[in-house]
Amino acid sequence: MAATTMEQLVSLCKRRGFIFQNADIYGGQQGVYDYGPLGVELKNNLKAAWWRAMVYERDDVEGLDAAILTNRKVLKYSGHEDTFSDPMVDCKKCKGRFRADHIKDGKCPNCGASDLTEPRPFNLMFKTQVGPVESAENIGYLRPETAQAIFTQFKNVVDSTSRKLPFGIAQIGKSFRNEITPRNFIFRVREFEQAELEYFVFPGDDEKWHEIWKNERINWWLEQGLSMENIHIYTTPSDDLAHYAKACYDIEYRFPHGMEELEGIANRRDYDLGNHTKAQEEFELEAHCHQNPDSTTKLCIRDDESGKWIVPFVIEPSMGIDRGVLALLTEAYTEEDLGDGNSRVVLKLKKHLAPIKVAIIPLKKNSEEIMAKCHELKNKLMKLGIGRVQLENTGNIGKAYRRHDEVGTPLCLTVDFETIENKPETVTIRDRDTMEQIRVSTDELPAYLREYFL
Ligand code: ATP
């Protein structure tokens, strides 16, 4: 089977309402995308699957939903103000600006000129002003990662939940990076969502937990439908690690543009908690750094056995939701030869991720009886809690099947004259992948669908 191309995905996403370029009517805003009617469902389903696995199915993780607007001091002590930058070069000829590591053979990727400046750091954070007065104290940032609020709220979470090590705090939310060269559709964008877990462990246990989380996360991706042959684990060389990291694995995926990072799993050691912890002489910490004159709090936990205060180490699985959506679309997109000179596009998403779970299709749109039955079924089935049940209104059954194959709807349910005339009432259920059809009585439908989806 031919590999999925970015053009196929971009076209499907626009045509069927998954993803649109932001500010499209004004020529588009680079590196910013909007999720359409089906995209928002897919994205929500992916986030729900992550939350279920990371929070609900575990007994050692709490959730958090912190603000995007971030106090300058947080990003000063996290190291982002000083170090969160990519070296960049400017082309003196065309005035383009590019990441130094994206330059090949010393030539401008835009115009080919060799007249480039020396690499200079470029801070990737979006700076803003908080409140009416423009001053250094009022500088704020849109967060470049969700993680920092997990660290700054560490004590509040521990105090309110009485957690002991090891335990984690999970969060899903928007992050912003002023990427120099956003590209490859939703792969590298300036506004994106992250799902991050900060898992706090005893120092010394960190390497063991790093391995455990690497395996957990690979398995989770396989459960979402990615195949192992499209996954590669990259171990970051020590001289290329982020400023906070002791070690890092990247789960890479074979995107249409190449094998690239989908999720990072970093050992952030005690860097962040240590840096945000109040400097105190009487308080002996072995943390990475505790020279913080601005913090009011010690971000540590008492070890019941030794009675000592310790700053935990942290393992961080951090995935991009948008890259997750792109990986799922890449994997699921299938062109099938039907053998009769026809072909079809099928989005073979796992059913828990499919934007629409069941499409109810009237055989004839202008039959009042059929339409009444469709409405009745829709009202009944949407109460099952299986996700979105959509009443299809094209009135052309072939077109409806084609559309729902293309957007990954697992089941199409057709209401025809037999439905109304037969006792007991029955509907046809068509399976997306096998295209097989069976008749099921409407009385048995709720149990059938519950069994299928839940
Ligand atoms: P890259 O090397 O690709 O720039 P990164 O190593 O800087 O990524 P992290 O800081 O580890 O990324 O962020 C964790 C996750 O957040 C990444 O694995 C990715 O899925 C997502 N992510 C980071 N930057 C972006 C971006 N600009 N657009 C979309 N997703 C992103």
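Structure summary
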quantity	calculated
Among beta bridges that DSSP assigns inside the chain, antiparallel share in %, nearest 5	85
Relative contact order %, segment 218-342, counting alpha carbon pairs below 8 Å whose residues are six or more apart	23
Relative contact order of segment 286-343, pairs being alpha-carbon contacts under 8 Å that are 6 or more residues apart, as %	20
Within straight-line cross-link reach of K373, lysines at Cα separation under 30 Å, skipping those fewer than 8 residues along the same chain	K348, K350, K351, K357, K364, K365, K383, K399, K423
Segment 410-454 and segment 151-195: distance between their alpha carbon centers, rounded to Å	42
Prolate/oblate/rounded label for segment 356-453 (Cα gyration tensor, a/c 1.5)	rounded
On Cα atoms only, tilt of 206-223 relative to the major axis of the chain in degrees	20
Taking the chain and dividing mean pair separation by its residue count, relative contact order in percent (alpha carbons under 8 Å, at least six apart)	13
Net lengthening on full extension, D303/I233 (0.36 nm per residue, minus Cα-Cα)	21.8 nm
Pairwise FRET efficiency - D294 versus N379, Cβ, R0 = 51 Å, nearest 0.05	0.35
Antiparallel bridge percentage (DSSP; both residues within segment 356-453; nearest 5)	55
Cα→Cβ-extended label distance, 7 Å offset, between R183 and A242, nm	2.3
Using θ = phi - 60° and Karplus 6.51 cos²θ - 1.76 cosθ + 1.60, couplings along segment 67-72 (whole Hz; Gly, Pro as x)	6, 7, 5, 10, 4, 3
Size of the chain as Cα extents on the principal axes (Å, biggest first)	84, 63, 48
Relative exposure of S367, S135, S227, S441, judged by other C-beta atoms within 10 Å (fewest first)	S135, S227, S441, S367
Angle in degrees between helix 321-332 and the longest Cα principal axis of the chain, rounded to the nearest 10	40
Hits among lysines - C-alpha to C-alpha of K73 under 27 Å, sequence gap 8 or more where chains match	K127, K155, K174, K246, K278, K298
Segment 115-187: GluC sites (Glu not before Pro) in DSSP loop, at most 10 other beta carbons within 10 Å	E134
Relative packing of 37-44, 124-131, which averages over residues the other C-beta atoms within 10 Å, highest first	37-44, 124-131
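Throughout, read-outs are computed from the coordinates displayed, never taken from laboratory work. Given the structure is predicted, the values throughout are model-derived calculations rather than measurements. No Cβ is skipped: glycine too gets one built from the backbone with ideal geometry, and neighbour counts run over all protein chains shown.
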